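A short write-up of the structure that comes next.
What follows draws every value from the coordinates through simple rules; no lab data is involved. Nothing here was measured: the structure is a model prediction, and the numbers come from that model. Here the Cβ positions follow ideal geometry from the backbone for every residue, glycine too, while neighbour counts run over all protein chains shown.
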Amino acid sequence: MKVEVKNLRKEFGKTVAVDNISFSFDSGHVFGFVGPNGAGKTTTMRIISTIEEPTSGDVLLNGISVCEEPELARRAVGYVPDTLPAHADITVHEYLDFYARAYGLRGKKRTQAVEAIEEFTNVAGIREKHLKALSKGMKQRVSLGRALVYDPDVLVLDEPAAGLDPRARVELRELLMLLAERKKAILISSHILTELTEICNGVVIIERGKILETGTIEDVLKKSAPRRTVAIRLLDTQNAALLKELLQTPFVENARDVANEIHFELNGDESAACDILGGLIAKKFKVIEFRQTKANLEDIFMNVTKGGVQ
Amino acid sequence: MNISDIKNHFTNWREWELNPIVIKELRQGVRSWTVTGMLLLFLVVLFIASLGFLVTESFDINPNMQLGGSMFSAFTVILAGASIFFIPLYTAVRVAAERQENNPDLLYVTTLSPARIIRGKFLCSAYIALLFFSACMPFMAFTNLLRGVDLPTVFFILAYLFLVVCAANMIAIFVACIPASRPFKVLFALGGFFASFWIVIPLVEISWELMRSGVGAMMSGRDFWIGVLTAAAIGLAATGLFFVLSVALVSPPSANRALPVRIYLTVIWLLGGLLNFGWVAQTGDAERMNIWTFSTFAVMMFALLVTISNSDQISQRVRRTIPAARVKRFFAFFFFNGAAGGLLWTGGILIATYFASQTVMLFLPTAAYPSILSMQGQIWFATTAAYAFAYALTALFIHRNFLSRRPPKLAGLLAVLLAAAWAIAPSVVLFFLNQLSWKSVEGLQLGNIFNVASLRDDDQRLYHLYFAFGWLLVMIVINAKWFFRQANNFRPPPVAPPVLK
């Protein structure tokens, strides 16, 4: 399943929520959708899920347009909204059973699908509980179960980790990794960027409706932060001498003392890092830690976005 | 769906399942305190009413006592009140909550077809109504033992009340589906609440009348059944209309929303015309043709407003269903999405209605034709229709040339505003000149669509007629280029779409 977002634009009156964005992702990929509040993430996700109509542009799911054939496209997309299910007077099991019926699952197949999803999302123990009585984490699981009950190829998750406790987050992350292994194409928006770095293959960074960066995590990291930062910790307190030494060393830039460690930017490749380490040891510096700190998604996000909203 | 699909459907009857919406809604309904509470309250009221009647009337013994009739009347009021006020309101609130403007419920993005969703909502409301009627039925049947009402009357009134409640539910679903903001929906709900009084009062009066006459005695008469079947057919047609309208409202914008509505209205228009003609032929009273003529006129005026609110852009999906054959394409143009085709369809129906009425009058020369769709009536029909089209085309022209970036539904609103503004403007001017009087309101105001009906001097209607047709002609000429462009663009795309595997 290939999901292609093509020149998507959505206007609400005079506000341009999504401004001509394009990106694509495939089965087995988890794509992070990152941006400040009001950047246009939810609008884009709602368009992919056929809830909203774009002003122009389109989203193709294996060539099927979500604008022209929403009913067909719907079969392929499972959407987990940021608002959790709050239907009154309905139990978890009835809720999942309804969506299984709504997506055309019948008889034994439906019963099996609902039971499997209840097991998979770990809600089997609360299946007779009313939706309104559930905690946020449990509602999130039910919402995910609802989106998965008809086994869609594409999963669109809008802020699924928001408001979840650490354990629930870890469990959600594990569920998503399992789903990626099952060849689902997943688009996930979240403000918890460290988690996205761990589970995403690709990322789209969006602000004020426009894409700032897109590509695989590695590409984006390479593109946005080409220099590595190296941290050195010494056994004794010779930081001043080390700092002086480093300032005279080739490939080293912007050396500084940070919390009893020396940090510098390495303007070279990994062999340059080896040479620097070798040189320091030869000069009798007692190095107990020499590590490269990679820029993460959070750093890139802070670098490329300006925090603008519409 | 082809014949083999239908055959398979019936062969696999064991796999038939209830509409998922019905199951969900009923599950929610039986768990809901609103429904159970209302039902309990309803039963308590029925019980207290029965007890009150039995206790108080027991002291007043006379040989011709008809306690059953009095109790039945009271039960009818309670049942009609509870079911007409509560069930449509409950249904509408549930649908409206799901159809919130900015956050529609996810059930609307499942693979359930819009028709199935609306049918499910309707069936569920009918089941809830059935629950209330079932609760009331033993009380009503019991009144038969106390004299004053026969069993056929009891069941007949229950059946007809039930059908009215179902129709009211369908209207409630339609109102809830209208894409309006919450304040508007609250206003609609309040309007519906007050409108319910206009339904309940005549309903109760008809029930009492039926009770007094006794349905059992009337059932052998042919006229009774003609009246009943006609009322049922009209009710069914109206319910069907609100059903197709609701389906159109919940369908995706890329769907051919106009097609089922226009086909339905055309079929109902034809059947209604035939039924009306049969009635006229039987009674020899040509005046009855007006029911069809003026109902068609009223419906087509609404249809005209909706039609001009259609987008000029036909979605790829609709375009793919445009027939390639020229003749089929010509007919499809009338029924598919689009303002141009819709104008033709509306105009065609109105012209056909006008001439069909005239033909009926000619075929029935013995009927009191001159006093019915009299010359003035004909002029009123033609003038008002011409004005309506002139305003519609003017609004389309303004929207296309000056407000093209705004949504197409603005054209419909603009037509209403133009007509309203021109109707008010002369009175406002006269007011400031201190010359506003009833006489001035009833005087000639060319361009004022409402003035056609309020003119004091009938002869002046001809001026309206000439003016309206002159204006319409100008607007047709101005819009001709757009119209032909629309007609020319109405053709299928050359490439076949991809298919989801």
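Observations, loosely collected:
- When the protein assembly as shown is described by a simple charge dipole with +1 on each Lys and Arg Cβ and -1 on each Asp and Glu Cβ, the residue from B:Ile201, B:Thr11, B:Asn489 located farthest towards its positive end is B:Asn489.
- Ordering A:Ala240, A:Ala272, A:Met177 by the projection of their Cα atoms onto the charge dipole of segment A:164-285, which places +1 on the Cβ of Lys and Arg and -1 on the Cβ of Asp and Glu, puts A:Met177 at the extreme positive end.
- Counting other Cβ atoms within 10 Å as a rough exposure proxy, the listed residues B:Ile171, B:Ile476, B:Ile48 run B:Ile48, B:Ile476, B:Ile171 from fewest neighbours to most.
- Each of B:Phe59, B:Val261, B:Gly69 was placed along the dipole of chain B (beta-carbon charges, centred on the mean Cα), and the one lying farthest toward the positive end is B:Val261.
- Whole-Å semi-axes of the ellipsoid equivalent to the protein assembly as shown (Cα gyration tensor, √5λ, descending): 64, 38, 24
- The stretch between B:Arg405 and B:His9 holds 137.9 nm of extra length on full extension. This uses 0.36 nm per residue minus the Cα-Cα distance.
- In this simple spin-label approximation, B:Ala49 and A:Asn7 carry label points 7 Å from Cα along the Cα→Cβ vector, and these lie 6.5 nm apart.
- Difference of contour (0.36 nm per residue) and Cα-Cα distance, B:Leu229 to B:Ser70: 54.4 nm
- Distant-in-sequence amide H partners of B:Val149 (H built 1.01 Å from N, under 5 Å): B:Gly69
- Translational diffusion of segment B:102-189, estimated by Stokes-Einstein from the Kirkwood radius over alpha carbon pairs at 4 °C in a medium of 1.567 mPa s, is 83 µm² per second.
- Share of pairwise Cα separations in chain A, more than 37 Å, in percent: 31 percent
- Förster-model FRET efficiency, 22 Å R0, B:Phe397 and B:Met301, C-beta, rounded to 0.05: 0.70
- Its DSSP H runs of at least 4 residues, each contributing -39,500 (n - 2.57), put the calculated 222 nm mean residue ellipticity of the protein assembly as shown at -20000 deg cm²/dmol, to the nearest 500.
- Debye log10 I(q)/I(0) for segment B:47-178, one point scatterer per Cα, at q = 0.22 Å⁻¹: -1.20
- Two-site FRET efficiency, B:Val267 against B:Arg329, from Cβ-Cβ distance with R₀ of 25 Å, rounded to 0.05: 0.75
- Paramagnetic reach from A:Lys183 in segment A:14-35 [backbone N under 17 Å; point 7 Å along Cα→Cβ]: A:25-30
- The orientation-averaged shadow of the Cα convex hull for segment A:155-236, equal to a quarter of the hull surface, comes to 8.3 nm².
- For the protein assembly as shown, a simple Cβ point-charge model (Lys and Arg +1, Asp and Glu -1, everything else neutral) yields a dipole of about 1260 debye relative to the Cα centre.
- For chain B, a Kirkwood hydrodynamic radius built from all Cα pairs, placed in the Stokes-Einstein relation at 10 °C and 1.306 mPa s, yields a translational diffusion coefficient of 60 µm²/s.
- Using the Cβ-Cβ distance between A:Gln238 and A:Glu119 with R0 set to 60 Å, the FRET efficiency works out to roughly 0.55.
- From phi via Karplus (6.51, -1.76, 1.60), per-residue ³J(HN,Hα) for segment B:46-53 in Hz, x at Gly/Pro: 4, 5, 5, 4, 4, 4, x, 4
- Prolate/oblate/rounded label for segment B:318-489 (Cα gyration tensor, a/c 1.5): oblate
- The distance between label points at A:Lys109 and B:Ser134 comes to 3.2 nm (points 7 Å beyond Cα on the Cα→Cβ vector).
- Between B:Tyr108 and A:Glu174, the modelled labels are 3.8 nm apart [label points 7 Å from Cα along Cα→Cβ].
- The length gained on full extension between B:Glu17 and B:Ala97, counted as 0.36 nm times the residue separation minus their Cα-Cα distance, comes to 26.2 nm.
- Using only the C-alpha atoms, the convex hull of segment A:226-293 corresponds to 76 Å³ per residue.
- Residue order for A:Ile281, B:Ile78, A:Ile188, fewest other beta carbons within 10 angstrom first, comes to A:Ile281, B:Ile78, A:Ile188.
- Long-range amide H partners of A:Cys67 with built H, under 5 Å: A:Val59
- Cα gyration tensor shape of segment A:112-158, rounded if a/c is under 1.5, else prolate or oblate by comparing a/b with b/c: oblate
- Anisotropy class of segment B:185-304 from Cα gyration tensor, a/c 1.5 cut: oblate
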